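J.: One structure coming up, written as structure tokens, with questions to follow.
Throughout, read-outs are computed from the coordinates displayed, never taken from laboratory work. Small disclaimer: the values here were computed from a predicted structure and weren't measured. Here Cβ is always computed from backbone atoms with ideal geometry, including for glycine, and neighbour counts include all displayed protein chains.
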Amino acid sequence: MPDTQALVNDFLNKLKKRKIEGSQATAKQTAELLRSVISQTRMPYTNQAAALIHSVKAVGERLIAANPVELAVGNVVRRVLHIVREEDLSLTTAAMAGLNLSAESDDEDDTDRDNHPALSAAAIAAASRSTLRPPSLQTLLEDVPDSAAVPHTSSSGGDSEGKSKSADKSSRSRKLKHDVIEAVNELIQDISTCHELIAEQAVEHIHQNEVILTLGSSRTVLEFLCAAKEKKRSFRVFVAEGAPRYQGHLLAKELVTRGLQTTLITDSAVFAMISRVNMVIVGAHAVMANGGVIAPVGLNMVALAAQKHAVPFVVLAGSHKLCPLYPHHPEVLLNELRSPSELLDFGEFSDCLDFGSGIGAPLLHVVNPTFDYVPPKLVSLFITDTGGHNPSYMYRLIADYYSADDLVLERRTTSGN
Amino acid sequence: MNRVGLQYLAGDLSGGNARCIAMLQAFQEAIRDYSTPPEKTLTRDLTSKIGGFVSFLIECRPLSMSMGNAIRFLKSRIARLPLTLSESEAKTTLCSDIDRFINEKIVLADKVILRHAAAKIRDGDVLLTYGSSCVVEMILLYAHELGKQFRVVVVDSHPMLEGQKLLRRLVVKGLSCIYTQLNAISYVMHEVTRVFLGASSIFSNGTVYSMVGTASVAMVAHAFRVPVLVCCEAYKFHERVQLDSICFNELGDPDAISKVPGRVDVNFLDNLTDKQKENLELLNLKYDATPSDYISVIVTDYGMIPPTSVPVIVREYRKEYLLI
């Protein structure tokens, strides 16, 4: 435990100080950290899934609180929780099928018995009930530790069955941890290879003699365009510089190094040039459940211009960027303001910025947001590692990757505690 | 004349009105110093001389639309000079015509625009402006003098960064300002109540031709349902029509894009290899064309007109000032 704590604290520090750049790196490191947390978790005799979920949630809440704007952290935490639940479910169904407990399956349908789980014959049936029963008002209101009381009463009855079950349970607990860690490894693998899977689809969208517009710099876009170039598609790229970080300069340099015809334009010229553009391809910081995009600043302007000129606006995003939350007031709540020194030189404007003396209220405010929100109606297509999707479809992908129980990760304070 | 040309070249003199006034005053000087050579008529020779000066100015920097209109006015005045006038009388007539043009079409026109536009500013407004337009600056200072309480959002863009000069002048006079760059416009537009923009020219199909980026500002304002007011003197109207920004534009210095003043950490484009330079093109547009549907109203010295009335003004009133 101590070394995981040190790892967790180190990662928390990096998140708070914004030292990790990019959602892919953040997602990967979060997944690796959670893998260590899981492997270090001591598994109780029964209800291993609950223990795993509890330990992952405990770390996950702290990680999310460290950098609420970096949604990839929350996404990965929720993915891992979903993995735990799914692995537990599949193990339970396998065990149930193996032990042929048809009698207990009758109990599940009997809703009266749900109120008295102590009356069930075997702990495994109780555990399966907790994983397999659909959400009802009771399940929503009770906390997870409640079900830990179950095996205590049930193991008193049916001792002869109990011994064979316990052997199954310990092998089950090892298997659960093992399966979960394997699945988390797969997740890490997916996060690392998302660029290749997205880039494979480049040939379907880029034809000959096309003009593509992008803003700022995204590694996914770079790989996408290079993959198209590999397949001998001819196209030229307009890169808007993406003030105030000027990442567009970096992307332009990368593109010309790989032999692509690139034109670097200013952000102000986007509306002027977009009438000659065939497609806008951009990366995203996060994709929200309604299909809206949290993107680098300036992309809402580009999306509006693309809509006006009927140019397709394509967003490339790995599946670790898909967030199950709906954006409420995203310009303020999911945004970060950076230092004004990127816009104004403090030395030159020191006379205007000096409001210590005088009337009191400062005359000059400088606003430097990092992100923009692009509503789903402006996005033509999402290209993820699972293929191309409409913005209206993104909410379905959430069901694949996340569980409904994990959406709210903040600790609920109840009056009883 | 040389001095003015060099000022254009260096970029010291920018803005449609300032360039136009400087050019006309330079013409006045040239006319005063002019003497007709023997066996040549005043009108023809002077016109060709003016043509020579104009070519020199074009070499320094392509003419703005306002300057083009002023030159056409001057040439038509020269052509209309009665032949009976002596040389000195002709010269004084021309100089006073130029003075009247500057006074009526620019100075007085600006005063009328100030009064119209300041009436549209209410207490508690948040006004957004882009770049540095002299007319908009006058409007904001005038409204502030009238005692109206409002805040100004100054939006700026690289590479010209003209907004910083406007910002300094406004803060010095005590206006409360917010400064941001063009990409953040969707972030600030939630709070904005009115957008005031200047123009280099307005074409006959209602398209506003002004500093690059204005179209984006107008588009985002339109998307957020914020009224856009373009303030432009009528002498800048032009009968050409233009649908997009590519067919007619001015290119600035491409190296200005790769250099970011004052920020060493983002000079990514220094030290490019030849292979890289061969594939990379730097495009620095100076102007763009804003479609008329994004404009709510145009404030001119003829009143507040919708963009669709621009060809009417060009047709009906062009005759008037050519015949002053």
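J.: Can you spot the lysines whose alpha carbon is less than 22 Å from A:Lys19's alpha carbon? Ignore those fewer than 8 places along the same chain.
T.: A:Lys19 reaches A:Lys28, A:Lys321.
J.: Still on this structure, I have one more. Quick check: the distance between the Cα centres of the range A:377-412 and the range A:81-100, to the nearest angstrom?
T.: 25 Å
J.: How would you rank B:Leu166, A:Leu333, going from fewest to most other Cβ atoms within 10 Å of each one's own Cβ?
T.: A:Leu333, B:Leu166
J.: Classify the protein assembly as shown as rounded, prolate or oblate, taking a ≥ b ≥ c as the square roots of the eigenvalues of its Cα gyration tensor: rounded when a/c is under 1.5, otherwise prolate if a/b is larger than b/c and oblate if not.
T.: prolate
J.: Still on this structure, please answer the following. What lysines does A:Lys308 reach when the alpha-carbon gap must be under 17 Å and sequence neighbours fewer than 8 apart in one chain are set aside?
T.: Of all the lysines, those that pass the test against A:Lys308 - Cα under 17 Å, at least 8 places apart if same chain - are A:Lys377.
J.: Could I ask something else about it? Quickly estimate the mean residue ellipticity at 222 nm for the protein assembly as shown, helices only: each DSSP H run with n ≥ 4 gives -39500 (n - 2.57), and the total goes over all residues, rounded to 500.
T.: Roughly -15000 deg cm²/dmol at 222 nm, from the helical runs in the protein assembly as shown.
J.: Return the distance in nm (one decimal) between the two label points of a simple spin-label model at A:Asn209 and A:Gln261, each offset 7 Å from Cα along Cα→Cβ.
T.: With each label point 7 Å from Cα toward Cβ, the separation is 1.1 nm.
J.: Shifting gears a bit: How would A:Glu61, A:Glu230 line up from fewest to most surrounding beta-carbon atoms within 10 angstrom?
T.: Taking fewest neighbouring Cβ atoms as first place, the list is A:Glu230, A:Glu61.
J.: Check the straight Cα-Cα distances from A:Lys14 and name the aspartates and glutamates below 17 Å, setting aside those fewer than 8 residues away within the same chain.
T.: A:Asp3, A:Glu32, A:Glu61, A:Glu70, A:Glu336
J.: Right, another one. Compute the FRET efficiency between A:Ser350 and B:Arg225 as 1/(1 + (r/R0)^6), taking r as their Cβ-Cβ distance and R0 = 45 Å, and round to the nearest 0.05.
T.: That gives a FRET efficiency of 0.75.
J.: Contact order normalised by length for chain B, with contacts defined as Cα pairs under 8 Å and 6 or more residues apart; what percent is it?
T.: 17 percent.
J.: 7 Å from Cα along Cα→Cβ at both A:Arg236 and A:Val332: what's the point-to-point distance in nm?
T.: About 4.5 nm separates the two model spin labels.
J.: Mind checking the angle between helix B:134-145 and chain B's longest principal axis? C-alpha axes, 0 to 90 degrees, to the nearest 10.
T.: Compared with the principal axis, the helix lies near 70 degrees.
J.: Can you tell me the relative contact order of the range B:1-109? Whole percent, Cα pairs under 8 Å, sequence separation 6 or more.
T.: This gives 37 percent for the range B:1-109.
J.: Then there is this: Which residues' amide hydrogens lie under 5 Å from the amide hydrogen of B:Tyr287, considering only partners 5 or more residues apart or on another chain, with H built in the peptide plane?
T.: B:Val212, B:Glu250
J.: Based only on other Cβ atoms within 10 Å, what is the fewest-to-most ordering of B:Tyr209, A:Tyr401, A:Tyr246?
T.: Listed from fewest to most nearby Cβ atoms, that is A:Tyr401, A:Tyr246, B:Tyr209.
J.: Here is a follow-up. What is the Cα centroid distance between the range A:38-63 and the range B:260-316, reported in whole angstrom?
T.: Answer, in whole Å: 57.
J.: Let me ask another. Once both axes come from the Cα atoms, what is the angle between helix B:214-223 and the longest principal axis of chain B, in degrees from 0 to 90, rounded to 10?
T.: Roughly 50 degrees, rounded to the nearest 10.
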